[in-house]
1. So if I take the centroid of the Cα atoms in the stretch B:1-20 and the same for the stretch B:197-261, what is the distance between those two points in Å?
2. What is the dipole size for the stretch B:179-263, taken about its Cα centre, with +1 at each Lys and Arg Cβ and -1 at each Asp and Glu Cβ, in debye to the nearest 20?
3. Calculate the radius of gyration of the Cα atoms of the protein assembly as shown to one decimal place, then report Dmax, the largest Cα-Cα distance, as a whole number, both in Å.
4. Roughly how crowded by other chains is peptide B:15-24, in terms of the mean Cβ count from those chains within 10 Å of each of its Cβ atoms?
5. Express in whole angstrom the spacing between the alpha-carbon centres of the stretch A:95-151 and the stretch A:20-41.
6. Using Cα-Cα distances under 8 Å and only pairs 6 or more residues apart, what relative contact order does chain B have, in percent?
7. How many Cβ atoms of partner chains, on average, are near each residue of B:125-136 if near means within 10 Å of its Cβ?
8. If you count, for each residue, the other Cβ atoms within 10 Å and average over each peptide, how do B:210-220, A:65-75 line up from highest to lowest?
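Nothing in this text is a laboratory measurement; each read-out follows from the coordinates by a stated rule. Here the structure is a predicted model, which means the values were calculated and not measured. Heads up, the Cβs are rebuilt from the backbone with ideal geometry, glycines too, and the neighbour counts pull from every protein chain shown.
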Amino acid sequence: MMRPFDQLTLMQFTWAALSILGFSIRTNMRGWKILLLALGGGLNWAAYLIVLYYSDALLFSIFCSTLLVCVYSEIVARLVKVPVSVFVTCVIIPLVPGRTLYYAMQGYIAGDSAAASEHTYKLLLISGTIAMAIAVVSSLTNILFRLKNRF
Amino acid sequence: MAVLDIKETTRISLEIGRILLENGATTNRVELMMRKACIAFGHPDTHAYVTPTGIFISVQNGDDELSTSIRRIESRRIDLGKITRVSKLVNDMSKDICQDGVCRLNSDEFLAELGRIETEKNWPLWFQVFCGGITSGCFCLLFGGSWLEFAVAYGVGILVSLSLQLLGLLQINSFLLNLVGSALVVFFAKTLDIWVPRIKIDNIIIGGIMLLVPGLSFVNAIRDTMSGDLVSGTARAVEAIFIAVAIATGSGVMLKLWALWGH
């Protein structure tokens, strides 16, 4: 079992950042901005691992880390003049449940319907949690901007 | 110095909308950018309605002039770099290039600028393929793979990115592309598994699948729904679900075929 803030977390951070770097180059982003995208992706995964260690709750840690990186994207994307949705798309990739999708499929293939339905259920819950976190942050930003325009 | 008339304004903003939408921007953003461009050209009375498959725009000038145009969008791909550059051009328009409806460029120059953004060179193919390998390899490590598995996942990532680029030339739709892509992930991983001893196949396949997951449609669906664009929010959500099902089907069929073959 990993402990937060040790070497393993740092390595996981690096791998998440590197994979997001690769992802952003595949979607044709250019310039030093891709380093900020990579930082966001690494931050997302590291925050997820750290919250998971302290809370031991899967959905809660996904919710918290997605909230964190969405706030990060809303701020940084405006500073470097990149559309916010571009930023959010890249940084949430490490948490997208590709792994659960595969395990659910594997369960169905092996005829293990208990594992299959458990993973499908988990897939839906994780997707819903990420969706809610993105929704909360983007709605709050809208409200903030409306308040700023009014006063 | 040029003042753009209502026809040219419609044409340019339709072109802006087309490039943004074809490269995967949220519809809310496309509407915003088209409206911003029209305001910069001095036609503030503009209505734009965008769905994931089409653009409608109507520019009005007082009571006498009205120009309405629609455009069907057929191809859709993911190119976040182009979205960024077009957005930057529109923001420059409203801040710098155009002042009170008088622009420093005329309509042909704007269209040429947009054409330049559209045909601008991507990263070279070998580098994109190389990065596909990095992405898939690092996801394999992230989910607990060993260094040997990283190497195999790297190879799978490169092969899959290369085949996706080749399949892209056939202009097949994104569902079939993802279905074939995920089948190829499993196929390459299982093939390499024959030659490389002592590796766990799961992490490698997951690393490859992460190359295909519909992250963009997912984020766009949520952001569109939250900004009140229910039509495109629903459409994008259905797209994301279908792509996920296609990925599961592709990998499942290939796993089953491989099991039947006896490995």
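1. Cα centroid to Cα centroid, the span is 36 Å.
2. Charge dipole, the stretch B:179-263, about its Cα centre: 300 debye, nearest 20.
3. Both quantities, over Cα of the protein assembly as shown: 22.5, 77 Å.
4. Numbers: counts 0, 0, 0, 0, 0, 1, 0, 0, 2, 4.
Mean number of neighbouring Cβ atoms from other chains: 1.
5. When both Cα centres are located, 22 Å separates them.
6. Working: 400 pairs, mean separation 47.5, N = 263.
The value is 18 percent.
7. On the way: counts 0, 0, 2, 5, 1, 3, 9, 4, 1, 8, 10, 3.
For peptide B:125-136, the averaged partner shielding equals 4.
8. Working: B:210-220: 26.0, A:65-75: 21.3.
Output ranking for B:210-220, A:65-75: B:210-220, A:65-75.
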